[in-house]
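The values are calculated or read from the model by the stated rules, or taken from the named source; none is laboratory data. Note that the coordinates shown come from a computational prediction; the quantities given were computed from them, not determined experimentally. Here the Cβ positions follow ideal geometry from the backbone for every residue, glycine too, while neighbour counts run over all protein chains shown. The accessibility values were calculated without ligands, DNA or RNA, using every heavy atom of the protein model including side chains. Shrake-Rupley method; radii C 1.70, N 1.55, O 1.52, S 1.80 Å.
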Amino acid sequence: MIHIIRNIFIDEADISYEFLRSSGPGGQNVQKVETCVRLRFNAQECQSLSLEISQKLLRIAGRKATKEGIILIEAQRFRTQQRNREDAFERLKSLIVKAAEPPSPPRIKTKPTYGAKLRRLEGKKLRGAVKNLRGRPVQD
């Protein structure tokens, strides 16, 4: 079991890794070594995540999530397979942490105070006076 945060643990069997050849420049090493990592995590089938967290996780993942509820994360920033594997897992972990955050409290509407209204109107008058001075001079 892998500890994510507080009371969320993920079974290592829920995560699978696939290794590919990285794209882009890199010389001869790119054609020989499979350093790119594709992490697969089935969010819908994971027993340790609650239904709300897994649905929010799929919503946050966006294009990384498939219709079947599988999250795919590709990591190829580093030159070694191990670093890319750690990078992919850290990105999955940050998605889960973000999905597990409690929702922000609803905004409470407030009215501006009387003094704030007066200050706003005074500022508008000053700004209008400055703009009025930019006009053409009056011809006598």
Practice prompt. Give segment 39-72 a look and list any residue that's farther than 21 Å from Glu101 by Cβ and of a type in the set (Val, Ile, Thr), or say none.
Written response: Thr66, Ile70
Practice prompt. Output the residue which, of all residues in segment 104-117 that are open to solvent by 100 Å² or more (accessible area, probe 1.4 Å) and β-branched (Val, Ile, Thr), is nearest to the chain's Cα centre (by Cα).
Written response: Ile108
Practice prompt. State all residues of segment 52-103 that are part of a loop (DSSP other than H, G, I, E, B) and open to solvent by less than 60 Å² (accessible area, probe 1.4 Å); if no residue qualifies, say none.
Written response: Thr66, Gly69
